[in-house]
Amino acid sequence: MRSSLSSSSSSASSPSFNLKPSPTLSLSPLSHLPHSTHRSTLSHLLSLSSLPPSLSSTHYSLSLFHQINRPNTFASNSLIRCLAKSPNPSHSLHFYAHMRRIGIPTNNFTYPFVLQACSKGSLMPEGVQIHTHVLKFGFDRDLYVRNGLIGFYCACSDLGSSRRVFDGYPFVRDVVSWNVMIVGYARAGEICVAEKVFDDMPERDVVSWSSMIVGYVSNGMLEKSLKLFRQMIDKRLAVNEAALVTVLSASAQLGLLDYGSFVHESIKKLKFPLTINIGAALVDMYAKCGCVELSRQVFDDLPKKDVFAWNAMLCGLATHGLGKEALDLFERFTEEGFHPTNVTFVGVLNACSRAGLVNEGRQHFNSMIRDYGIEPEMEHYGCIVDLLGRAGLVNEAVKLIENMSIKPDPVLWGTLLGACKMHGLVELGVSIGSKLLELEPAHDGHYVLLAGIYAKAKKWDDVLKIRKLMANRGTNKSAGWSLIEAHGNVHKFVAGDKDHERSLEIYKKLEMIGLRLENAGYLPGISSVLHDIGDEDKIHVIKEHSERLAIAFGLMVIQVGYPIRIVKNLRVCVDCHEFSKMVAKVFDREIIVRDGSRFHHFKDGRCSCLDYW
């Protein structure tokens with residue numbers, strides 16, 4: 001809408017607005033009312049139709065308005081509000097222009113509704129015109145109008161204008177004004193400014209705290225969100241569903257069980273209702289924190305399950321390598337009348353990939369298209385290419401990529417490159433790797449995979465060329481790190497880490513572990529080291545990998561009988577995988593590792609992935 005919002009009745013540029021109801025709309029429900037044509041009755045009915053959770057249609061609201069003889073400001077504001085929440089909020093602006101032309105007065109309730117429409121439709125030029133009307137008619141010091149302006153400018157990503165309105169009259173603002181600014185800055189990625197606004201607030205409500213928590217999570221500051229949530233609980237403040245779902249999501253992303261368990265216990269202590277959203281978030285959190293059995297328990301106990309809860313459980317089983325269980329759950333899902341989504345099939349295909357279920361994966365990929373009309377997206381292709389690649393069917397994977405309905409992205413080629421490394425396909429790997437280096441010259445993973453292919457073939461000159469190319473292009477290999485929770489604190493290790501306060505003890509423990517494993521017959525594998533150096537030096541490099549330091553620390557501080565839980569950002573290397581199996585056997589401990597690919601449950605010298613990862 002580019003039209004003027006002038007109040008002049010002679011303005012040809014103002015849009016017309018059809019007030020006639022839909023000819024298909026029956027008005028018979030009103031005919032039996034004794035005062036159906038009474039202005040007050042119809043105005044209040046129209047007002048009720050504008051309030052949530054009303055599901056009234058735009059046509060119904062227009063029908064009511066059309067029957068009002070000489071509609072007043074109250075009725076007009078109600079219609080503006082109805083139109084503002086409709087799929088086409090610009091209709092609210094059209095009616096506002098009509099209202100001005102025919103001389104219906106506006107008041108301080110008119111403008112928040114009109115600005116709400118501008119916010120919803122991102123109608124920046126129109127909203128600026130509304131702002132001029134606010135100034136012209138003297139509503140610029142009204143609290144609700146000012147909050148509408150602050151929200152409008154934030155919604156249109158004009159934080160400068162929003163802040164000017166916010167600062168314009170410091171004594172004409174309330175907690176809503178502050179909350180809107182927090183949300184606006186957080187959405188724009190200016191989390192430090194959002195923090196400053198939060199800290200400066202004269203008073204806070206539950207929305208203030210939850211907005212800050214959501215802001216931290218959306219900006220990747222997961223631990224800060226959880227610490228702020230702990231403050232809320234310690235202060236015995238009220239919490240809302242948004243905060244609970246968000247901190248459960250943060251716990252899931254971090255993969256740290258202590259955080260997630262604390263949130264769950266808080267929900268129980270607060271006697272907060274187990275809503276569908278919270279239930280799905282709990283299922284997802286426990287699965288991503290390595291407790292798939294607890295995830296299943298929560299899932300089974302949910303009084304109501306929506307598709308999000310089913311998807312969370314299905315994807316959780318898949319990530320833990322429980323392919324058969326995931327497919328059984330999918331069968332239950334369809335039997336109970338749920339319709340799969342694209343996310344559902346990501347979980348199904350991922351389950352097949354993690355468990356090596358090639359035939360089942362092919363069948364479900366075809367069924368997704370044939371039976372449910374879901375067009376494959378890049379993630380679906382990624383799962384099926386991963387499935388075929390892991391199974392050694394690399395040529396079939398190549399043909400699938402070549403016949404895709406959408407253009408393959410670098411991630412898909414990277415998946416295939418990983419399969420080439422796994423199966424020692426040097427020629428195809430070099431061809432794909434060279435293509436990837438052209439497509440994404442700054443992506444370190446492609447260089448590492450290609451160097452790995454050359455190293456596996458002992459082509460050290462080519463490994464050196466790739467490493468030089470990385471250096472020349474300013475690309476560095478992503479540093480591997482491992483996290484471990486212990487007694488309410490999170491400890492982070494990188495390869496060769498000497499910064500931990502108990503570093504000397506950790507290395508002594510690691511040395512003792514090495515001697516015990518050597519006596520048990522363990523021999524380090526050195527194929528993952530991408531250097532042409534002596535075997536002894538390679539063994540030294542592997543010994544200091546981050547997950548080994550985390551395991552050593554875990555043996556020091558985690559009580560016997562409890563699992564050692566580790567989160568790793570990169571895929572675990574072959575030797576560290578063998579090392580973890582041996583530690584689990586020799587020390588009779590359970591080790592659970594979430595790496596960049598999946599979960600590994602090490603127990604009794606075996607891994608849940610059956611060495612297929």
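What follows draws every value from the coordinates through simple rules; no lab data is involved. What you see is a predicted model; the values in this text were computed from it and never measured. Cβ: placed from backbone, ideal geometry, glycine included. Neighbour counts: every protein chain shown.
Can you pull out the trypsin sites (Lys or Arg not before Pro) in segment 388-496 whose DSSP state is coil and whose Cβ has at most 13 other Cβ atoms within 10 Å?
Taking segment 388-496 and a limit of 13 other Cβ atoms within 10 Å, the loop trypsin sites (Lys or Arg not before Pro) found are 458, 473.
If I take all pairs of Cα atoms in segment 61-189, what percentage of them are more than 26 Å from each other?
On the way: 1721 of 8256 pairs.
Of all Cα-Cα pairs in segment 61-189, 21 percent lie more than 26 Å apart.
Can you put 239, 348 in order of Cβ neighbours within 10 angstrom, beginning with the fewest? Please list the in-between numbers first.
Working: 239 20, 348 31.
So the ranking, lowest neighbour count to highest, is 239, 348.
Using 7 Å Cα-to-Cβ label points, what is the residue 562/residue 478 separation (nm, one decimal)?
Reported label-point gap for residue 562 and residue 478 is 3.0 nm.
Give the calculated FRET efficiency between residue 574 and residue 235 to the nearest 0.05, with a Förster radius of 51 Å applied to their Cβ-Cβ distance. Walk me through the numbers before you get to the answer.
On the way: r = 49 Å, r/R0 = 0.95.
The computed FRET efficiency comes out at 0.55.
Loop only per DSSP, at most 10 neighbouring Cβ atoms within 10 Å: give me the GluC sites (Glu not before Pro) in segment 160-216, ordered by residue number. List each step's numbers first, then the result.
Details: sites: 190, 195, 203; in loops: 190, 203.
When the GluC sites (Glu not before Pro) of segment 160-216 are filtered for loop state and at most 10 Cβ neighbours within 10 Å, 203 remain.
Using the number of other C-beta atoms within 10 angstrom as an exposure proxy, rank 611, 234, 174 with the fewest first.
Result, fewest neighbours first: 234, 611, 174.
What is the Rg over Rh value, at two decimals, for segment 89-152, using alpha-carbon atoms and the Kirkwood definition of Rh?
On the way: Rg = 10.6 Å, Rh = 11.5 Å.
On the Cα set of segment 89-152, Rg over Rh gives 0.92.
Taking the chain as the reference, fit the longest principal axis to its C-alpha atoms, fit the long axis of helix 191-200 to the helix C-alpha atoms, and give the angle between the two in degrees, 0 to 90, nearest 10.
Approximately 60 degrees, to the nearest ten.
List the relative contact order of segment 205-304 as a percent without decimals, with contacts defined as Cα pairs under 8 Å and 6+ residues apart. Don't jump to the answer; show the numbers that get you there.
On the way: 112 pairs, mean separation 23.9, N = 100.
Relative contact order comes out at 24 percent.
Per 5 Å bin, what is the whole-percent P(r) computed from every C-alpha pair distance within segment 403-491?
With 5 Å bins starting at 0, P(r) equals 3, 14, 22, 20, 15, 8, 7, 6, 4, 2, 0.
Using the Kirkwood radius over Cα pairs, work out the Stokes-Einstein diffusion coefficient for segment 276-378 at 37 °C and 0.692 mPa s, in µm²/s as a whole number.
For the chosen part, D equals 243 µm²/s.
How big is the Kirkwood radius of segment 547-613, worked out from every pair of different alpha carbons and given in Å to one decimal?
Working: mean 1/r = 0.0863 Å⁻¹.
Kirkwood radius, segment 547-613: 11.6 Å.
Take the cross-link list 407/465; 421/456; 399/435; 421/458; 435/465; 509/543 and give me the ones stretching past 19 Å between alpha-carbons. Mind showing how you got there, number by number?
Details: 407/465 30 Å; 421/456 8 Å; 399/435 17 Å; 421/458 13 Å; 435/465 16 Å; 509/543 12 Å.
Violating the 19 Å Cα-Cα cut-off are 407/465.
Calculate, for residue 371 and residue 141, the FRET efficiency according to 1/(1 + (r/R0)^6) with r their C-beta to C-beta distance and R0 60 Å; round to the nearest 0.05. Walk me through the intermediate numbers first.
Numbers: r = 61 Å, r/R0 = 1.02.
In this case the efficiency is close to 0.50.
How big is the dipole moment of the chain about its Cα centre under a simple scheme where the beta carbon of each Lys and Arg is +1, that of each Asp and Glu is -1, and everything else is neutral? Debye, nearest 20, please.
Numbers: 67 positive and 62 negative charges, 326 e Å.
It works out to roughly 1560 debye.
Tell me what the chain gives for mean residue ellipticity at 222 nm when only DSSP H runs of n ≥ 4 count, each as -39,500 (n - 2.57), the sum divided by the residue total, rounded to 500 deg cm²/dmol.
On the way: 31 runs with 374 residues, N = 613.
Result for the chain: -19000 deg cm²/dmol, rounded to the nearest 500.
Could you list the trypsin sites (Lys or Arg not before Pro) in segment 207-265 that lie in coil according to DSSP, counting only those with at most 12 other Cβ atoms within 10 Å of their Cβ? Could you put the intermediate results ahead of the total?
Numbers: sites: 224, 227, 230, 235, 236; in loops: 235, 236.
Loop-located and lightly packed - 235, 236.
Can you give the percent of C-alpha pairs in segment 69-118 whose distance is more than 17 Å?
Numbers: 265 of 1225 pairs.
The share of Cα pairs beyond 17 Å in segment 69-118 comes to 22 percent.
Determine, from the Cβ-Cβ distance of residue 586 and residue 73 and an R0 of 51 Å, the FRET efficiency 1/(1 + (r/R0)^6), rounded to the nearest 0.05.
0.05
Round to a whole angstrom and tell me the spacing of the C-alpha centers of segment 586-613 and segment 430-459.
Here the two parts' Cα centres lie 28 Å apart.
Can you list the equivalent-ellipsoid semi-axes of the chain, largest first and in whole Å, using the square root of 5 times each Cα gyration tensor eigenvalue?
Working: eigenvalues 632, 160, 130 Å².
Value: 56, 28, 26 Å, ordered largest first.
Which lysines, if any, have their Cα less than 20 Å from the Cα of residue 268, not counting same-chain residues under 8 positions apart?
Once the sequence-local lysines are set aside, what remains near residue 268 is 227, 235, 304, 305.
Which of the listed residues, 366, 185, 345, is farthest toward the dipole's positive end in the chain, when Lys, Arg count +1 and Asp, Glu count -1 at the beta-carbon?
185
Can you give me the distance in nm between label points at residue 164 and residue 277, each placed 7 Å from the Cα along the Cα-to-Cβ direction?
Rounded to a tenth, the inter-label distance reads 3.5 nm.
Under a plain spin-label model, where a point goes 7 Å from the Cα along Cα-to-Cβ, how far apart in nm are residue 434 and residue 203?
In this crude label model, residue 434 to residue 203 measures out at 7.0 nm.
Using the Kirkwood radius built from alpha carbon pairs, what does the Stokes-Einstein equation give as D for segment 205-304 at 4 °C and 1.567 mPa s, in µm² per second?
Values: Rh = 13.2 Å.
Rounded, D is 98 µm²/s.
Given the Cα-Cα distance of residue 334 and residue 468 and 0.36 nm per residue of separation, how much length would full extension add, in nm?
Numbers: separation 134, 0.36 × 134 = 48.24 nm, distance 5.27 nm.
This chain segment gains 43.0 nm when fully extended.
Starting from the Cα gyration tensor of segment 292-339, take the square roots of the eigenvalues, sort them a ≥ b ≥ c, and report rounded, prolate or oblate (rounded when a/c is under 1.5, otherwise prolate if a/b is larger than b/c, else oblate). Walk me through the intermediate numbers first.
Values: a/c = 1.91, a/b = 1.16, b/c = 1.65.
Note, shape of segment 292-339 comes out oblate.
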